[in-house]
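Only one structure is covered here, and it is reproduced in the block below.
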Amino acid sequence: MKKVIDFEHWNRKEHFEFFRKFDEPYWGLTVEVDFTEAYLSAKNLNHSFYSIYIYLLLKSVNSIENMRYRYDENSIYVYDTISVSPTVLRADGTFGFSYVDYSPNFHTFTNAIQEEITRVQSTQGLNLGSYRDDVIHFSALPWINFSSLSHARSFTNIDACPKISVGRLIKKDNRQLMPVSIHVNHALVDGYHVGKFFEILDDSIKNFSTELI
């Protein structure tokens, strides 16, 4: 479900009008995030760490209203819930796009993502399907400990979906650290909102084990 924003009374009307005219309205950064508690939960309970960190990232996105904003040529709207479109790697080195509904229940979400991975790995091509904007675009590069990242983008299409990528998990001082890159459309999302996203993510990681009880 989505709700149309009353643009004339919207508190970021001028921000939107200013940044949406940019040739490249997206901005981004990379943060090294401590995933230790989530990683240990995965190991101790034999859960997929991949499913856990996507769940935590998506949970944090849904906690930030600005990251649920989207727009088209006629209106600006906010979704009740944002889901995820991850890239899924196949044995032959190609990847396909996928779609997984967000659920606040971790067990429901992780079952759905494992089923989608199995499905995409049995197909060929990109699996483009029908375009939808109630998602984040997600990719994992577990081979690379990057400190910055850029994205291929088409400037001819309206795009407001946050793009989140993670890199290689690195152990430092008995902590499990992983780079998280996030790119957002500045017409909708500012530094304040990205800062809150990382605060919520950090808190969600530390308290993740309570969700498995």
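So how do S122, S85 line up by other beta-carbon neighbours within 10 Å, fewest first? Working shown, then result.
On the way: S122 9, S85 20.
Exposure proxy ranking, most exposed first: S122, S85.
In degrees between 0 and 90, to the nearest 10, how far off the longest principal axis of the chain does helix 106-121 point, with axes built from Cα atoms?
90
Taking the Cα centre of the chain as origin, sum charge times position over the Cβ atoms of Lys and Arg (+1) and Asp and Glu (-1), and report the length of that vector in debye to the nearest 20.
Roughly 480 debye for the chain.
Can you give me the angle between helix 36-45 and the longest principal axis of the chain, using Cα atoms only, in degrees from 0 to 90, rounded to the nearest 10?
Orientation of helix 36-45: about 50 degrees from the principal axis.
Which FRET efficiency, nearest 0.05, do L40 and F198 yield, Cβ-Cβ r, R0 22 Å?
Values: r = 20 Å, r/R0 = 0.92.
Efficiency, rounded to the nearest 0.05: 0.60.
Among all the lysines, which ones have a C-alpha under 25 Å from K13's C-alpha, if same-chain residues fewer than 8 places away are not counted?
Hits, sequence-local ones excluded: K2, K3, K21, K163, K196.
With r defined as the distance between the Cβ atoms of R132 and S63 and R0 fixed at 22 Å, what FRET efficiency is calculated, to the nearest 0.05?
Working: r = 21 Å, r/R0 = 0.94.
So, using R0 = 22 Å, E works out to roughly 0.60.
At 222 nm, what value in deg cm²/dmol follows for the chain if DSSP H runs of at least 4 each add -39500 (n - 2.57) and the sum is divided by all its residues, to the nearest 500?
Values: 5 runs with 63 residues, N = 213.
Result for the chain: -9500 deg cm²/dmol, rounded to the nearest 500.
Only Cα pairs within less than 10 Å get springs; with that Gaussian network setup on the chain, which residue of S165, S150, S51 has the largest fluctuation?
S150
Putting +1 on Lys and Arg Cβ atoms and -1 on Asp and Glu Cβ atoms, find which of S130, A112, A42 reaches farthest to the positive end of the dipole of the range 2-212.
Going by the charge dipole, the pick is A42.
Tilt of helix 191-206 relative to the longest C-alpha principal axis of the chain, in degrees (0 to 90, nearest 10)?
20
For the range 94-186, what are Rg and Dmax over the alpha carbons, in angstrom?
Reported Rg and Dmax, both Å: 15.2, 46.
Mind checking the full-extension length gain between R119 and E32? Use 0.36 nm per residue of separation minus the Cα-Cα distance, one decimal, nm. Walk me through the intermediate numbers first.
Values: separation 87, 0.36 × 87 = 31.32 nm, distance 3.13 nm.
Fully extending the segment from R119 to E32 adds 28.2 nm.
With the dipole of the range 2-212 worked out from charges on the C-beta (+1 for Lys and Arg, -1 for Asp and Glu) around the Cα centre, which of V33, W143, Y99 lies farthest toward the positive end?
Projecting each Cα onto the dipole axis, the largest value belongs to W143.
How long is the gain from H9 to S154 if the chain were fully straight, where each residue apart is worth 0.36 nm and the alpha carbon distance is subtracted? Please list the in-between numbers first.
Details: separation 145, 0.36 × 145 = 52.20 nm, distance 3.05 nm.
Separation in residues times 0.36 nm, less the Cα-Cα distance, equals 49.1 nm.
Laboratory data are not the source of any read-out in this text; all were calculated from the coordinates shown. From a predicted model like this one, the values you see are computed outputs, not experimental measurements. Glycine also receives a Cβ, built like all others from the backbone with ideal geometry; neighbour counts cover every protein chain displayed.
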